Amino acid sequence: GIMTSRLLVDKIEGKATSGIVQMPAGHIIQVVETSNTTSYVTTSTSITASGLTVSLTPKFQNSKFIVTLNGGSMEFHTGASHNIQAHMYRQIASGGYSDIGKMYHQTYGATFGHSQNGMIIDSPNTTSTIYYQPYYKSSNGNGVYLNGNTCYITLQVMEVAV
């Protein structure tokens, strides 16, 4: 016949460090997010911190992080024929923020607003606290919004075992 095994436990705890158990590759280790209805707007033509941040302390040195920026009315413009660029920035511990990649770049011929979604995979190779924050800019000084019209905007980070 076929043998089956069953293990019944209430809690799995790390032998060396409580709360840290090596999971098989691909498993989600932790999820953190910030979600609100704040309107983030700038007229700056220099890349500018949005103020929308999320932080987490990695459980493992070699983890990958799936960073997503979703929702919001992110392309709402106050003038025609210009664009918004949004990049994801990362800070490790008390170091400065650095650009880890462009999330999106949109151009419109008229005032316009719609939901925007971006994702980036990050491998920072650290167990120090990581902070993520979108930075953004206007191409010509007209106002651009990461979130106009008080929609929900969510910045989420998932730590994934490798």
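Each residue of region 80-88 was assigned a 3J(HN,Hα) from its phi angle through the Karplus curve 6.51 cos²θ - 1.76 cosθ + 1.60 (θ = phi - 60°); the sequence is 8, 6, 9, 9, 10, 10, 10, 10, 8 Hz, with glycine and proline shown as x. Share of the chain's accessible area from carbon and sulfur, percent, 1.4 Å? Within the chain, the accessible surface is 50 percent carbon and sulfur. Per residue, the accessible area of region 81-155 comes to 44 Å², computed with a 1.4 Å probe over protein heavy atoms only. Computed over the Cα atoms of the chain, the ratio of the radius of gyration to the Kirkwood radius (Rg/Rh) comes to 1.13. Solvent-accessible area per residue in region 1-47 equals 86 Å², computed with a 1.4 angstrom probe and all protein chains kept. When +1 charges are put on Lys and Arg Cβ atoms and -1 charges on Asp and Glu Cβ atoms, the dipole computed for the chain relative to its Cα centre reaches about 240 debye. Restricting the GluC sites (Glu not before Pro) of region 1-95 to loop positions (DSSP other than H, G, I, E, B) with no more than 15 neighbouring Cβ atoms within 10 Å leaves E13. Think of the chain as a dipole: +1 on every Lys or Arg Cβ, -1 on every Asp or Glu Cβ, centred on the Cα centre; then among N142, T57, L8, L8 lies furthest on the positive end.
Over region 14-86, the ratio between the Cα radius of gyration and 2.2 N^0.38 Å evaluates to 1.62. Dipole orientation for the chain: of the candidates Q30, H105, T42, Q30 has the Cα lying most toward the positive pole (charges on Cβ; Lys, Arg +1; Asp, Glu -1).
The values are calculated or read from the model by the stated rules, or taken from the named source; none is laboratory data. Here the structure is a predicted model, which means the values were calculated and not measured. Please note: Cβ atoms are built from the backbone with ideal geometry, for glycine as well, and neighbour counts cover all protein chains shown. Heavy atoms of the whole protein, side chains included, go into the accessibility calculation; ligands, DNA and RNA do not. Shrake-Rupley method; radii C 1.70, N 1.55, O 1.52, S 1.80 Å.
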